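S.K.: Please see the structure below; I have some questions.
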Amino acid sequence: MDDKSYNPFAMAQAQFDKAAEVLNLDAATRQLLRQPMREYQFSIPVRMDDGTAKIFRGFRVQHNDARGPGKGGIRFHPQETIDTVRALSMWMTWKCAVVDIPLGGSKGGVICDPHNLSSREEEQICRGWIRQMAKFIGAQVDVPAPDVMTSAQHMLWMLDEYEVIYGQKSPGLITGKPVGMGGSLGRTEATGYGVIFTVREAFKELGVEIKQTTASVQGFGNVAQFAIRLYQQIGGKVICVSCWDQNDQKSYGFKKESGIDPDELLKFTDRFGGINKDKAREAGYEILPGSAWLEQPVDLLIPAALENQITVSNVEHIATSVKLIAEGANGPTTPDADQKIAARGIFLIPDFLANAGGVTCSYFEQVQSNMNYYWEKDEVLGKLDVKMTSAFQAVSELARKRKLFMRDAAYYIAISRVAQACKDRGWT
Amino acid sequence: MTKRQDSIDTLLNSLQERAKELNCLYAIEEILNRPGVEPGEVCRAILKAIPQGWRYGEICQPCIELYGEKYEPDGFQPSRWAQHADLEVHDHKVGVLSVYYTKQMPEADDGPFLKEETKLINTIARRLEYYISYQQMRRAVKEVESARRSPTRTGKGEWRCVLDLLRATDHDLYFRIAHKMLNHLCGNGIRPALDLMGSPHSMLTEDQEGVEDLNRPHSGTAFALSDAVSETIFDIADEHIRDAEILNIVHKWVQEDKLSFLVQVVNRHLTLPVVADALRRYHHMGPAPLDLHSPARRGVEVALIRRFLSDQLEFINIAKNYIGLPDFYQLLENLVYATDSHGKLGGKSAGLYLAKNILQKTEDLDKLLTGIKIPKTRHITSDVVLYFMHYNDLDDVVEQKYKEIDQIRQEYPHIVQMFKRSRFPADIVNGLSTVLDEFGDRPLIVRSSSLLEDRMGAAFSGKYKSLFLANQGTKEERLSALTDAIAEVYASTFGPDPIEYRTERGLIDFGEEMGIMIQEVVGTRVGHYFLPTFAGVAFSRNEYRWSPRIKRDDGLLRLVPGLGTRAVDRLSDDYPVLISPAQPNLRVNATVDEVLRYAPKKIDVINLSTNSFETVDAGEFIEKHGEEIPGIAHVVSKFVDGRLRRLFGMDFDQSDGELVLTFDGLISDTTFVNQIDTILKLLENKLGTPVDIEFAFDGKDLYLLQCRPQSQTSDTIAAPIPQDIPRERIVFSADRHISNGRVSNITHIVYVDPQQYGQLASREEMLAVGHAVSKLNKLLPKRQFILMGPGRWGSRGDIKLGVNVTYSSINNAAVLIEIARQQGNYVPDLSFGTHFFQDLVEANIRYLPLYPDEEGIIFNERFLTQSPNMLAEILPNFAGLAGTIHLIDVAKAAGGRVLQLLMNAEINQAMAVLTEPHAIEEPSPVVVPTAEKPAEQYSRWRLQMAQQLAAQLDPELFGVKGLYIFGSTKNISAKPDSDIDLLVHFAGTPLQRGQLLFWLDGWSLCLDEINYLQTGYRTGGILDIYLVTDEDLANKTSYAVKIGAATDAARPLPMKNPAK
């Protein structure tokens, strides 16, 4: 392969090197952190439905566990590569550190395409993965979770195989389990609520009364719905929401000056967050083009749909009234648009802080599983509030002190926490 | 009004009479079927049953005279008001059946009797005759059997006994057997027999002696054998032939004789009632013995197949192995026909009937085939439509097919109305009334079954109507709804679409007739709705494979909840569940998200309270009615906590999770999918052609609704791969996972170079490739360009594996091609379009995987990378990607040629060839010669209209600087429903803009109407107007790029000369 070609791990290392420079990390720490601590690559033999045997390639990369047991998903992907898994495991280390949960970063995967597999064959791959990895993972070692093309079902197969091997229950091995099978309540709400906990703190810091604010949201899926709910509960008003229309193959904006009512909209929303525009019109919503959400004269924008939504070509359309952007989706802003937002002085809560509610809730699931005692939803969400609030405050304090853009501040704080843990343990 | 009331009264009256007759017949049938009853007792019981069938039952006195015995009711008094019917057995009068009125009644058709009553007495007499002859046969059989058991009798006694019996019951047959025996003996050179044959006189009865002329043939006199001579013949036989053999041949001859009248009837092209009568007679002659397939019987069966099912040799050849005489007896019992009918059942009925018989006759071989049912079906023969038209003076409508298509279209609604207002002849109404009695208030479907439909080797599907009837209300209401539906299906014979289709295929002069199937709808009553638990269609060949592990003959199953209508049609807003019957565990949708997105969300049902067909929301419906729908638990899963869970018990409440129709339980817990697989394989094997079937499941049983050869439209027919194409004209070839089809007239290729794409240094650049493809998808002519790219189209996350696009970024392409280039020592897996597979299927976008580095594969990389690249000119913003994305205008790159993609699954080969435009339709070996209307015709008309419009457009008045045409009209690829895309360079005032649009709107509506009359497509306005301004032109924004573009440029239209 040509060196020129895009390599996700090389990219992640380059990004880290830049930050390490700014943080002035010592050589040993840099050396430690720019490589995963451990990597496993192994074969998983599977007897297929037609009687033939097939060998699948499995991975687990444990980037860093200085702050606690590794945490990270298992991907089923037809063209999985070790470099992709390395990059993602490093990212997990930073992600756990930024919200200050005591977990490290890992990632794993299997080269396979579930579209070519029966469900029995998938189960065999899951069990095979555990048989190879059982010695090297565990509730106190490394905790897998669902990821691309894996689901709660895969986690249960894996957990079951692990418990068979060790002859004892071990629900803390894995997260993403269904409620009642070791899962945590509040997971549905966690990401959306998490976004608003950070928004609340950001407005506080900007000295804006949240009851006076309005917002416009891109997307009406799970994250957006719960974000809107909590935001309106604490006094804000969402006047515009946009979503993808499956029939027309394009997106639309839905606007109501008096504030949208998520319960009302949900009555005619499909399970992918697609709002029926005829019924919305009947209910008094103004139907606008898909790009309208960005142009509303509001205080807060929440892109909670897809990546690369705010770009150089539309960043200028953001209204002057906008004071805050909270990234509910992953990577909704392109780097060049990022700079323009920074230049305009709009406060931005970066994705891996704003939507860290998900990973925080996974941590809570693991905690509950380990003690085999499960909290009520309110307790989960209350603890989430505490975690998100203090995470936000730490990042914004750093940003303020060092005059950093929030995205960089979040990244630096994560790396320095991990670096500190390595030092404290006497590794570097 | 009163007149109408009168006629209704009359109809009611006569219906009541018919009902009485039927009751009477049923009663008699029941009496005759009572086991072990003495004939005398039977006669006395019949006497009691008869009066209820007559108009004046209270004064009606029947009487039966049989073999000299008289049966009369108490106090019987003969009168002069009487009807009689002779009773004959084996052509001998054995008695008489009479009906008397005890006093004078008003005059009717035949004295005081109705003509229907004359018919009824005759019917009863015939029935009694069968009974008597059947009883005699039974007795004979019994005697033979007791003779066989009796120790005193030898084998000899057996055949003697049979013959004695024959002599007693059917003397003529006795003589015929004797004569055959004589021939048989002579044929074997047995001396005494030859002697007997040699003295002709000895064969004649005395009174004919002397009349015989030696020059005359004997055969005519052979019937006049005497008892004595016959005895002699049998004595000779006794001496020379073994007893067992005598018994055997006598038996065979008796059987053949039974058939002889049938042979005559079916070969003489007599009317249907006569044939039906003959079959009934044959059936009632006694229990059918397990005889061999004698040639005579085979002959009759073939004649019956030709007569009722199909005269296609391919069909007969197969059908004769599965459909026998008893089947026809059953079939004819289910027919509605006119008294002088010669009609057939029609293609759809014939196909289903053959499939049913194949399944029934092979069910012993495989347990999975047992218990597959056919819904209760009644057929109306095909010529009844002519009878109906003649009865209503509509004969000249037949000539409709020779009119101009726009006239046909214009007149069609009128014809439908005319047909629906017409009346059905009384005998047909009677027949239908009986049908309704049999079906009760079960919902019905009235299906077309025309002679041309579903013939082997030709596709003629979906052109005629099928109508659902809720079949609720009073008998009159139901009858009127039924006749209404039949009339509508009849009218569809003269609809513009089928006529156009027939014209195109040279079938217009075929004497098309329309048979009708009246089928009960499979399903259960749920609240005030009626629906099957699920239904669908299945194909024995899969042309849309989502995994390389699935083979073409693994088949394809499209399943939906409720009525199967949603599986038959391709839907734009919903999806059926797709399963490969041979590999049900390889599902299309692997992740929970995909399953949710592509699960069916609506159900078609019949609403019994409004008598209508409805589409309802699947989740809501099942939540409310789930407990009443048998077996629905196999169909739904619940989406709880991010997971799909099978239903345990009857937990249809959606408050803790949405219901999703996954059919998971059906696959894992039942044999249903195996059953479908077995049926498809069996039918394909026996019929010698790929098949498609429709089916429905009511929670208990699986019903087969239709079976026909798998339709082979030009989309799915195997394209012949030419062998003599010069290599430089081949752009690529492929030999793995090929499906059938042909995509012609490809004008543009979008080629994303896999190597270049793999070397893009940043994710942003890769995303930009996706954006560029999305833009090209909007700008290139719809369904005339192909997309070729590395690995997996639609990758997300790790987009190095393939271009990051969504379905909306590729939805105008004709073909999606994935290229797997060797990388080091491995070849990447392709996605097979899985990211939007079901969307591709429903939109009929073809998918093809390419493996350029494999041996024997042609991949003309030079053409793809060295041809002039239009990208920079079309999308200046993406010029930087010109090394990665190649946009090729095929005509420019290949000297005016276009690209054609030929795919042939039979030999697993595909080839993309540069050909002359419009010189591409090579004769195909299977389909009826096609003279399909070329896109040219639709395009030419559109262009002419656009030119006229331009000539009328006053540029100064409306502030127009230029008018251009682009899209399908310009590219000569217009379809009947295509828009006319006009680009207006506008530089006027807002007022002018309004006026211009208003003026154009008028044109748009008028042209739409004309197009509707010509093609049947109505779009509500045919013009698609795009206004561009000077500013757009300067900035090359929006559609302005089309003006003066390097490829696929809009073409200017000359406008009206400005008034001087």
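S.K.: Return the long-range amide H neighbours of B:V1028 (sequence gap of 5 or more, or a different chain), with a cut-off of under 5 Å between placed amide H atoms.
M.R.: Here B:V984, B:H985, B:F986 satisfy the definition.
S.K.: Using the Cα gyration tensor of the range B:639-733, with a ≥ b ≥ c the square roots of its eigenvalues, what is the shape: rounded (a/c below 1.5), prolate (a/b larger than b/c) or oblate (neither)? Before the final figure, lay out the partial values.
M.R.: Values: a/c = 3.79, a/b = 1.79, b/c = 2.12.
Oblate, because a/c is 1.5 or more while a/b does not exceed b/c.
S.K.: Between B:Q255 and B:Q407, what is the FRET efficiency for a Förster distance of 51 Å, r being their Cβ-Cβ separation, to the nearest 0.05? Could you put the intermediate results ahead of the total?
M.R.: Working: r = 58 Å, r/R0 = 1.13.
Efficiency computed from Cβ-Cβ geometry: 0.30.
S.K.: Once a ≥ b ≥ c are taken as the square roots of the eigenvalues of the Cα gyration tensor of the range A:313-388, is the result rounded (a/c under 1.5), prolate (a/b larger than b/c) or oblate (a/b not larger than b/c)?
M.R.: prolate
S.K.: Quick one: net charge of B:L687's neighbours, Cβ under 10 Å, K/R +1, D/E -1? Each step should come with its number before you reach the end.
M.R.: Working: positive: B:K686, B:R708; negative: B:E314, B:E684.
Net local charge, B:L687 excluded: 0.
S.K.: For B:K782, A:K401, A:K387, what's the fewest-to-most ordering of other Cβ within 10 Å of each Cβ?
M.R.: A:K401, B:K782, A:K387
S.K.: Output ³J(HN,Hα) for the range A:265-275: one whole-Hz value per residue in order, computed from phi by the Karplus curve 6.51 cos²θ - 1.76 cosθ + 1.60 with θ = phi - 60°, and x for Gly and Pro.
M.R.: 5, 4, 4, 10, 10, 7, 6, 9, x, x, 8
S.K.: For the pairs B:K115/B:K356; A:K237/B:K602; A:K135/A:K377; B:K638/B:K700; B:K356/B:K624; A:K177/A:K423, flag any whose C-alpha to C-alpha distance is greater than 29 Å.
M.R.: Working: B:K115/B:K356 39 Å; A:K237/B:K602 35 Å; A:K135/A:K377 34 Å; B:K638/B:K700 23 Å; B:K356/B:K624 36 Å; A:K177/A:K423 34 Å.
Exceeds cut-off: B:K115/B:K356; A:K237/B:K602; A:K135/A:K377; B:K356/B:K624; A:K177/A:K423.
S.K.: Hey, if you drop one equal point scatterer on each alpha-carbon of chain A and run the Debye formula without solvent, what base-10 log of I(q)/I(0) do you get at q = 0.07, 0.09, 0.10, 0.12 Å⁻¹?
M.R.: Values, matching the q order: -0.36, -0.60, -0.74, -1.06.
S.K.: Moving on to the next point. Give or take rounding to whole Å, what are the principal axis extents of the alpha carbon atoms in the protein assembly as shown, in descending order?
M.R.: The Cα atoms of the protein assembly as shown stretch 138, 99, 71 Å along their principal axes.
S.K.: Take peptide A:108-121, look around each residue's Cβ out to 10 angstrom, count Cβ atoms belonging to other protein chains, and average those counts. Intermediate results must be reported in sequence, preceding the final value.
M.R.: Numbers: counts 0, 0, 0, 1, 1, 9, 6, 18, 11, 6, 7, 7, 2, 2.
Mean number of neighbouring Cβ atoms from other chains: 5.
S.K.: Determine Rg/Rh for the range A:187-354; Rg is computed over alpha-carbon atoms and Rh is the Kirkwood hydrodynamic estimate from the same atoms. Could you put the intermediate results ahead of the total?
M.R.: On the way: Rg = 14.5 Å, Rh = 15.6 Å.
Result for the range A:187-354 is an Rg/Rh of 0.93.
S.K.: Restricting to the range B:935-1052, what percent of DSSP beta bridges are antiparallel, rounded to 5?
M.R.: Restricted to the range B:935-1052, the bridges split so that about 55 percent are antiparallel.
S.K.: Exposure proxy check: B:S774, B:S230, A:S216 ranked by fewest other beta carbons within 10 Å? Don't skip to the end; give the middle numbers.
M.R.: Working: B:S774 17, B:S230 20, A:S216 27.
Sorted ascending by nearby Cβ count, the order is B:S774, B:S230, A:S216.
S.K.: Hey, got the Cα dimensions of the range A:163-233 along the principal axes, in Å, largest first?
M.R.: Largest to smallest, the principal-axis extents are 57, 25, 17 Å.
S.K.: While we're here: Rank these for me by crowding, B:T884, B:T1037, A:T428, A:T213, going from fewest to most other beta carbons within 10 Å.
M.R.: Working: B:T884 26, B:T1037 12, A:T428 17, A:T213 22.
In increasing order of surrounding Cβ atoms, one gets B:T1037, A:T428, A:T213, B:T884.
S.K.: Could you work out the pair-distance distribution P(r) of the range A:38-173 from its alpha-carbon pairs, with 10 angstrom bin width and percents rounded to whole numbers?
M.R.: 13, 45, 33, 8, 1
S.K.: Got a sec to turn the phi values of the range B:32-43 into Karplus ³J(HN,Hα) couplings, 6.51 cos²θ - 1.76 cosθ + 1.60 with θ = phi - 60°, whole Hz, x for Gly and Pro?
M.R.: 5, 8, 5, x, x, 9, 5, x, x, 4, 4, 4
S.K.: Please go through the range B:358-457 and write out the trypsin sites (Lys or Arg not before Pro) that DSSP classes as loop and that have at most 14 other C-beta atoms within 10 Å.
M.R.: Values: sites: B:K361, B:K367, B:K373, B:K376, B:R378, B:K401, B:K403, B:R409, B:K420, B:R421, B:R423, B:R447, B:R455; in loops: B:K376, B:K403, B:R423, B:R455.
In loop regions of the range B:358-457 (DSSP not H, G, I, E or B), the sparsely surrounded trypsin sites (Lys or Arg not before Pro) are B:R423.
S.K.: In the P(r) worked out for the range A:101-244, what percent of Cα pairs fall beyond 25 Å? Present the calculation step by step, with values, prior to reporting the outcome.
M.R.: Values: 4862 of 10296 pairs.
The proportion of pairs with Cα distances above 25 Å equals 47 percent.
S.K.: Find, among the chymotrypsin sites (Phe, Trp or Tyr not before Pro) in the range B:435-537, those assigned to loop by DSSP (not H, G, I, E, B) with at most 14 other beta-carbon atoms within 10 angstrom. It would help to have the intermediate numbers written out before the result.
M.R.: Working: sites: B:F439, B:F460, B:Y464, B:F468, B:Y490, B:F494, B:Y501, B:F510, B:Y529, B:F530, B:F534; in loops: B:F460, B:Y464, B:F494, B:F510.
The qualifying sites are B:F510.
S.K.: Report for chain A the percent antiparallel among DSSP-assigned beta bridges with both residues inside it, nearest 5.
M.R.: Values: 28 of 55 bridges.
Rounded to the nearest five, the antiparallel share is 50 percent.
S.K.: Then there's this: Take every DSSP beta bridge whose two residues both sit in the range A:187-354, then give the antiparallel share in percent to the nearest 5. The partial results should precede the final answer.
M.R.: Working: 11 of 26 bridges.
About 40 percent, rounded to the nearest 5.
S.K.: Quick check: from the Cα gyration tensor, does the range B:727-915 come out rounded (a/c under 1.5), prolate or oblate? Write out the running numbers ahead of the final one.
M.R.: Numbers: a/c = 1.28, a/b = 1.13, b/c = 1.13.
Cα axes put the range B:727-915 in the rounded bin.
S.K.: Short version: ³J(HN,Hα) in whole Hz for each residue of the range B:484-494, in order, from phi by Karplus 6.51 cos²θ - 1.76 cosθ + 1.60 (θ = phi - 60°), x for Gly and Pro, what are they?
M.R.: Coupling constants for the range B:484-494: 4, 5, 4, 4, 5, 5, 4, 4, 5, 4, 9 Hz.
S.K.: Shifting gears a bit: Using 1/(1 + (r/R0)^6) with R0 = 51 angstrom and r between the beta carbons of B:A1049 and B:A426, what's the FRET efficiency to the nearest 0.05? Show your work: numbers first, answer last.
M.R.: Values: r = 68 Å, r/R0 = 1.34.
So, using R0 = 51 Å, E works out to roughly 0.15.
S.K.: Okay, next question. What does the charge count around B:M517 come to, taking other residues whose C-beta lies under 10 Å from its C-beta (Lys +1, Arg +1, Asp -1, Glu -1)? Each step should come with its number before you reach the end.
M.R.: On the way: positive: B:K348, B:R378, B:R447; negative: none.
Once positives and negatives cancel, what remains is +3.
S.K.: Which of the chymotrypsin sites (Phe, Trp or Tyr not before Pro) found in the range A:336-420 are in a DSSP loop and have at most 14 neighbouring Cβ atoms, other than their own, within 10 Å? Could the numbers behind the result be given before it?
M.R.: Numbers: sites: A:F347, A:F352, A:Y363, A:F364, A:Y373, A:Y374, A:W375, A:F392, A:F405, A:Y411, A:Y412; in loops: A:Y373, A:Y374, A:W375, A:F405.
Within the range A:336-420, the qualifying chymotrypsin sites (Phe, Trp or Tyr not before Pro) (loop, at most 14 other Cβ atoms within 10 Å) are A:Y373.
S.K.: From the helices alone, meaning DSSP H stretches of at least four residues, give me the mean residue ellipticity at 222 nm for the protein assembly as shown, per-run term -39500 (n - 2.57), in deg cm²/dmol to the nearest 500.
M.R.: Numbers: 50 runs with 619 residues, N = 1488.
So the helix-based figure for the protein assembly as shown works out to -13000 deg cm²/dmol.
S.K.: Under a point spin-label approximation (7 Å from Cα along Cα-to-Cβ), what is the B:S98-A:F405 distance to one decimal in nm?
M.R.: My value for the distance between the label points is 11.6 nm.
S.K.: Once R0 is set to 60 Å, what does the formula 1/(1 + (r/R0)^6) return for the Cβ-Cβ distance between B:L365 and B:D593, expressed as a FRET efficiency to the nearest 0.05? All intermediate terms of the calculation are to be shown ahead of the outcome.
M.R.: Details: r = 43 Å, r/R0 = 0.71.
It comes out at approximately 0.90.
S.K.: If you don't mind, another one. For the range A:1-91, compute Rh as the Kirkwood radius over C-alpha pairs and then the Stokes-Einstein diffusion coefficient at 10 °C and 1.306 mPa s; write the answer in µm²/s, rounded to an integer.
M.R.: Values: Rh = 15.2 Å.
For these conditions, the coefficient is 104 µm²/s.
S.K.: What area, in nm² and to one decimal, does the C-alpha convex hull of chain B cast on average over all directions? Present the calculation step by step, with values, prior to reporting the outcome.
M.R.: Values: hull surface 242.9 nm².
So the mean shadow area of the Cα hull is 60.7 nm².
Every read-out reported here was derived from the displayed coordinates using simple, explicitly stated rules and does not represent laboratory data. Note that the coordinates shown come from a computational prediction; the quantities given were computed from them, not determined experimentally. Ideal geometry is used to build each Cβ from the backbone, glycine not excepted, and the neighbour counts take in all protein chains shown.
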